[in-house]
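These notes concern the structure reproduced below.
The values are calculated or read from the model by the stated rules, or taken from the named source; none is laboratory data. Being a predicted model, the structure only gives us computed values, none of them experimental. As a convention, Cβ positions derive from the backbone with ideal geometry for all residues, glycine included, and neighbour counts pool all protein chains shown.
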Amino acid sequence: MITRTLGGMQKRLPGPWTARLSALGAKAPTSLLVCLYLGLALLSAIPVYLFTSYLSGAAKQSAFAVAADQAAYRLAHEVDLTLAHLRAVKGLFDGSVHVSRDEFSAFVRALRPRGAVQALEWVPYVTLAERDEIEAAAREEGMVDFEIRDYGGDGAIVRAGERAEYFPVYYLESPSSDSMMVGLDIGSNLVSHEALRRARDSRRQTASGRIEIMIEQQVHPAFQVFEPIYEVTSADLDKRTVSLVGFARGVFRIADLVKLAVPEDEFRVAVVDLSAPPEAAQLYPATAIGDDVSFLHEVALPVADRIWSVRMAPAAAGAPDSLPQLATAVWLGLLIVLWILRELVSSRRHAEDLAEVNSRLEALSDQRQQAIQELERSNRELDDFASIVSHDLKEPLRAISNHAKFLVEDYAEQLNEDGEKRLNRLIVLGQRLEQLIADLLHYARLGRGERKIERVDLVQVIADIEGGLAEVLQSRNARLVIKGPLPPVRAHRPHMTALFQNLIVNGIKYNDSERRLIEVGRGPAGADGGHSGFEQFYVKDNGIGIDPAFKDEVFRIFKRLHGPAAYGEGTGAGLSFVKKIVESYGGRIWLTSVPGEGTTFFFTLERSDDATVEETRLRAA
Ligand code: ADP
């Protein structure tokens, strides 16, 4: 199971989907889960569909706007080319003293007028005084019926009445050869007259509003543009009026302009004259584009002193692409749900694995707890045993010693020398046994019970020891030196005193040198004996040394390498105390020695990094 937990790859391999579904809800019937799964997929398809629709709508709108802008640009260009005909006619009149009917006709034909041009005309400015002369001249040119006419009261074209000025169509070139127009006074129409005046005064091409023209008995929306032609150009308005000779007039069909510039299958187009009053604004087609269109793009177009608005909408509603979009959305929805299910299944497995690991950990922790309790129990038993040894054995032991002393003191004359010697020996052995029992009790209790952990200054500890051993040091010609600074450690101060005192005393005791030297130091530099946060120390002497064969044995309780006669009394417990103290702080102790030269004891202790705060902690072993 644990291997499976760790083997993420193996765990994440997709298995059969039914297995996954059943893993999700092992007790639910599979058909129900399939329905649930499909339902979720459809539900999640809705936001996906909305989102993709939004995206595709936005993309379409911007593509449409670009195409519409291009179409509007082509339309503006077409209008420009169309109006250029009038500038050409003006050029003809400006450059000639007199333009005859034939010359006009030949010139216009040579222009090869563009599709939208329905008529190009010469409309002279005729005063009442000039009327007869003009009419006579036309008739002489073969226009036998020519006379200046206008629309009578009943809508029929009749000879114009007398008025100050006339603007008759004098020359006319038209693909539909609408000869009815020849002689018609353009100025008699109010709308046209207003445009004529503006053209004359502004000296610029000027369009009128919407007009209608008949082509093959059908009415078509069109517009007319006047190009003023002067005999003498002058900035002065009055002189200009006098010098006006007439207008080049063009009549243009709007539908042709639009068709040339804007592809019919792509766009629906409406052209509105923004310079006209609202009721006369719609130029093309007869009806405006409604609100039912998905996108509407509008571009302003200046045309001969007027501003048109070109409005474009997509030609058709367009094939609905919502079906493939919906399919995509459902497909994505399925994928999303599949992914969610997969994550659910895998996280469920994760949770199961975690629960299993947790229960194992809990079991381990229980075992550990049991072991600790067991250890505590055995320690308590050891403690009890030590107490028994201490109290129950000490009493009879003391009694034996006391009886021996009593015998030596009160029955001395009845004892011979050998008997007295043996009794004295019995007393000494009793005392030694008492010491051994005391040491055993001390060993058993060492490292247990309460201790005060604090920052201990080892230099101070050693200085105190040195003070206590002053006489011994002097009598044995021994010197205690501290090599380099000693960092403070975290420990129970009495333990540190016992640790260093035992090692220092041994260094003096097991030493034949004339000048006994005990050196305490730290290191080697940075060494921590393999424990981070620990510091390594040493106590080195120039004594008799220890045979390497006993380098571990000397730490065993009551193990002595020498008899009391050789280097003095001792129970052989000192080094076992030292080892137990060091290990109770998590440290290590070992020795190196060259017999005859000396011994160095190395040990590690926890460094006290906090130099200011002295932490006090009670620790129960
Ligand atoms: P004790 O000193 O009471 O005998 P220890 O446990 O301190 O007990 O020492 C155990 C034995 O190890 C000693 O009897 C001695 O033989 C040997 N020993 C300890 N320290 C040294 C030392 N610095 N140099 C040589 N031998 C030592």
Here the residues within region 460-476 that are within 12 Å of residue 489 (Cβ to Cβ) and either surrounded by fewer than 13 Cβ atoms within 10 Å (Cβ to Cβ) or among the polar types (S, T, N, Q) (or both) are 460
Exactly one of 81, 21, 36 is part of a helix (DSSP H, G or I), surrounded by 12 or more Cβ atoms within 10 Å (Cβ to Cβ) and at pLDDT below 75, and that residue is 21
Across (1) touching a residue at least 40 places away in the same chain (Cβ under 8 Å); (2) in a loop (DSSP other than H, G, I, E, B); (3) under 20 Å from residue 497 (Cα atoms); (4) within 9 Å of the ligand (Cβ to nearest atom), residue 572 clears everything bar (1)
Selection over region 86-125 where residues are without any contact (Cβ under 8 Å) to a residue 60 or more places away in the chain, under 22 Å from residue 213 (Cβ atoms) and assigned to a helix (DSSP H, G or I) yields a count of 2
The lone condition residue 579 fails out of (1) within 8 Å of the ligand (Cβ to nearest atom); (2) buried (at least 17 other Cβ atoms within 10 Å of the Cβ); (3) at pLDDT 90 or above is (1)
(1) modelled with pLDDT of 90 or more; (2) under 60 Å from the mean Cα position of the chain (by Cα) all hold for residue 267 apart from (1)
Counting only strands (runs of 3 or more DSSP E) wholly inside region 473-554, the ones holding at least 2 residues that are within 16 Å of the ligand (Cβ to nearest atom) and in contact with a strand residue (DSSP E or B) (Cβ under 9 Å, 6 or more places away or on another chain) are 478-483, 516-522, 534-541
The lone condition residue 401 fails out of (1) at pLDDT below 90; (2) among the polar types (S, T, N, Q); (3) more than 20 Å from residue 441 (Cβ to Cβ) is (3)
Log entry, pairs with first residue in region 550-566 being closer than 16 Å to residue 577 by Cβ, second being aromatic (Phe, Trp, Tyr) and near the ligand (Cβ under 8 Å from one of its atoms), beta carbons closer than 9 Å, six or more apart or on different chains, reads 557/577; 559/550
Here the residues within region 52-72 that are more than 30 Å from residue 272 (Cα to Cα) and exposed (fewer than 13 other Cβ atoms within 10 Å of the Cβ) are 54, 55
